[in-house]
1. Subtract the Cα-Cα distance of THR299 and LEU78 from 0.36 nm times their separation in residues, and report this length gain in nm to one decimal.
2. Please give the contour-minus-distance gain from GLN188 to THR52: 0.36 nm per residue of separation, less the Cα-Cα distance, rounded to one decimal in nm.
3. How high is the relative contact order of the chain? Use alpha-carbon pairs under 8 Å, at least six apart in sequence, and give a whole percent.
4. Tally Lys/Arg at +1 and Asp/Glu at -1 over every other residue whose Cβ is under 12 Å from the Cβ of MET205; what's the total?
5. Please quote Rg/Rh for the stretch 1-134 to two decimal places, taking the Kirkwood radius as Rh and restricting both calculations to Cα atoms.
6. Anything in the chain that counts as a DSSP H helix reaching 20 Å or more along its axis (C-alpha) with Kyte-Doolittle mean of at least -0.5? List them, would you?
7. Please order VAL91, VAL84 by the number of other Cβ within 10 Å, starting at the fewest.
8. Given C-alpha coordinates of the stretch 233-309, what is the ratio Rg to Rh with the Kirkwood estimate of Rh?
Amino acid sequence: MNAFVEKALHLWGWHSADYFLVAARENAVFRIRFRGETYALRLHRTGYRKDTELHSELAWMTALSQGGLNVASPIPALSGETLVTIEDTQVDALTWLNGAPLSEHLPSQNREAIFHQLGQNMAQLHTISDAWSPPKTFQRPAWDRAGLLGETPLWDRFWENLHLDKQKQAFFQKIRTQADALLCEHEQALDYGLIHADLVPTNVMYDGTQLTFIDFDDGGFGFRLFELATALLKYIDDPDYPALRNALIQGYTSKRGIDLEHLDFFILLRALTYVGWNISRIHEHGGLARNKRFIETATISSKYLILND
């Protein structure tokens, strides 16, 4: 790995730079220190995104940064390219963002203020994205009805999770059918456009004052309510969840309007995606416990849908 990283560093002219691994979840991310400056070097997981999709992601991040949102910006290699391929691995470099993930450092105090700012930043992301004209080659995944509930959803067929018994499989099939019908009925009226799609606590950085968004790996086209639901889902069991939810909504609506009638429905849709996402990760450390938790959360969230049957 060291030889690979050093080969990449040479392409950016960062010879003899200090580096160390800071994240190794889906992509491998290295913190680079060179001549007093700090950068991020990303090694993308093989086969997940096509070059066109990654170029689109980088162009979008540039537009967000230029629009005033504090997100990382791509740094071209010496060749002028923002994306290079080394031994079948796609590599890019970004400006470094200070802070720590909310998953590690969400303070016990001022949680509502943080969620209010999170809602504001989310609204800003959507507004800048709507004002931007993507290049004709722009290509990102779609978290639309097909991407959430179709035969090949973006995060796998949740209703086929192997840890669902026959009764649960039938139940999740029913949820899928009802959810598809409800979304089909309302999708044309819902706010839809570019979303981050993965604003979970690990992807929101906090430096004690400001929030920043990282990891646009799954960003693409989707419902704006899905964005809010993603940020809320991880906190639904917290005692202060109602206050956090209200703060997020107030922050968002202070910058941008949104119809919240179906927010609970999208919390269900977000919960279902994790049941699918974990199918290929069930054998990872903690995968079984995580799977049980995801299924329970989706089952509880489905009460919204069943009540509207």
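Values in this text are rule-based calculations from the coordinates and carry no lab data. This is a predicted model, so every value here is computed, not measured. Using ideal geometry, Cβ is built from the backbone for each residue, glycine included, and neighbour counts are taken over all protein chains shown.
1. Numbers: separation 221, 0.36 × 221 = 79.56 nm, distance 5.11 nm.
Gain on stretching THR299 to LEU78: 74.4 nm.
2. Working: separation 136, 0.36 × 136 = 48.96 nm, distance 2.78 nm.
Full-extension gain reported as 46.2 nm.
3. Values: 460 pairs, mean separation 55.9, N = 309.
So the answer I get is 18 percent.
4. Working: positive: none; negative: GLU104, ASP207, ASP215.
Its environment carries a net charge of -3.
5. Values: Rg = 16.3 Å, Rh = 16.4 Å.
Computed over Cα atoms, the ratio is 1.00.
6. Details: long enough: 51-66 (22 Å, -0.26); 111-131 (30 Å, -0.34); 166-186 (30 Å, -0.74); 263-277 (21 Å, 1.33); 287-301 (21 Å, -0.22).
Span-like helices, by this rule, are 51-66, 111-131, 263-277, 287-301.
7. On the way: VAL91 25, VAL84 17.
If I rank by nearby Cβ atoms, fewest first, I get VAL84, VAL91.
8. Working: Rg = 14.6 Å, Rh = 14.0 Å.
Rg divided by Rh gives 1.04.
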